[in-house]
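Before anything else, here's the structure in question.
The values are calculated or read from the model by the stated rules, or taken from the named source; none is laboratory data. Fair warning: this is a prediction, and the values are worked out from it, not measured in the lab. A quick note on method: Cβ atoms are made from the backbone with ideal geometry, for glycine too, and the neighbour counts reach across all protein chains shown.
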Amino acid sequence: MALALQFQLLYDWKIEEKSQLYPAFKVELNQVPVYRLIHHDFERHYLSAGQLFQACGLTLTEGFFLFDLKRADFSVDFNEPHFPYCDIWVDLERGRRMARALGVQEELEGLLSTGLDDCFSIESEQQMIHNWTVSAIPHLQYSTRALLETSFDGVERTAQVRTQIDRGQQQSGMVMKDRAQTGLVRWQVSAYEEFLTEEAEDCSDAVWDTLQGLLFDLQTLSRDGLRRERVLSDNMMIGNMPLKRGYLNGNTTLQQIYMVVMIEKMMHELSRRESVSVVPSINTEPKLESQILFHDRLDLFEQELYRLKKKAKKKLEEVELDQRALQQQLDEFNSWKIKFEKNRKSERIWILMFMLTVLSAILVFLK
């Protein structure tokens, strides 16, 4: 059954001013996130093959050998100086072949669907611009936060949809790899490249014994008594390549391959033990529901504030318009008053002259 999709933002919040947001779709495969990058500037989509390898129980190096990858077949950071999620990014066609080979094509059917090939998102002026929508999110609640917190089975193509984004607030759905995780990816890539290009050189068996012992200790911490009796294997498989203890003698590049594989196995073991040891809280689900409800209320509150602000602005414009109309009427009244006063003054002068004329005529007549 196809796993549900989620919208995520790959973002290095530790360097907020310099980091760019990289939108992606995500599924959880065996509790490991696998990403499909949908950043508009890259012109096509990419799959995080390193995360896919981990979800299937493989290290990056095992995946390199299993699929015989060349350096031109993948990108680690797309030559971006502050790329937040260094991984083995491959194109979708190669990713689909990998999923079929690893037997997880059904689980990743939604993530690798060709129906998503034309979906893109990009950041612009504190907004995310999408050419797709999620119908499961109500229109009034549609926001970047809602997209980051909602699982969905598919999307619908549409014209440009804009959602606000707040870089200053770290929130669920904004993910990155830390320096240790990024270093492990780059180390394995470097070791694999060196193995492909250089001849073998001698080295001792100490690296093999030390790392095998450490991995054994991590795997048997929960079984008392076995740590004092370490039983170390002298051979292993890296993808489809057999590796024996004696192979490390005289081959520093193969030694590096072995070291990075073992270190990643140890990190996976630590992560597994941590997830097993964590007991979920009884109140986790109600708390999560209350948080989602709280965020929904915040979104509604923001929308209501925006609506009131828009309404108040319209009211203010109407008041200003009425004020200008009243001012114009007052100016017209003052103008009429001045004109009226001038007319009255002129009329008084004419009346006075008429009376003087009549009086003069009477005096002449009496004489």
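Taking the conditions exactly as written (without any contact (Cβ under 8 Å) to a residue 24 or more places away in the chain and within 22 Å of the chain's Cα centre (by Cα)), does His130 satisfy them or not?
no
Within segment 13-59, which residues are in a loop (DSSP other than H, G, I, E, B), closer than 18 Å to Glu125 by Cα and within 14 Å of the chain's Cα centre (by Cα)?
Those that are in a loop (DSSP other than H, G, I, E, B), closer than 18 Å to Glu125 by Cα and within 14 Å of the chain's Cα centre (by Cα): Glu16, Ser19, Gln20, Leu21.
Looking at (1) surrounded by fewer than 17 Cβ atoms within 10 Å (Cβ to Cβ); (2) within 15 Å of the chain's Cα centre (by Cα), can you tell me which one Arg179 breaks?
It is condition (2) that Arg179 fails.
Checking Phe152 against (1) more than 20 Å from Phe42 (Cβ to Cβ); (2) without any contact (Cβ under 8 Å) to a residue 60 or more places away in the chain; (3) assigned by TED's automatic domain parsing to the domain that holds Leu10, only one condition comes out false. Which one?
Condition not satisfied by Phe152: (2).
Taking into account only those residues within segment 27-45 that are among the charged types (D, E, K, R) and either farther than 18 Å from Met176 by Cα or in contact (Cβ under 8 Å) with a residue 60 or more places away in the chain (or both), which is surrounded by the most Cβ atoms within 10 Å (Cβ to Cβ)?
Arg36
While we're here: What is the residue count in segment 160-176 for residues that are on the phi < 0 side of the Ramachandran plot, crowded, with 16+ Cβ neighbours inside 10 Å and not in a strand (DSSP E or B)?
2
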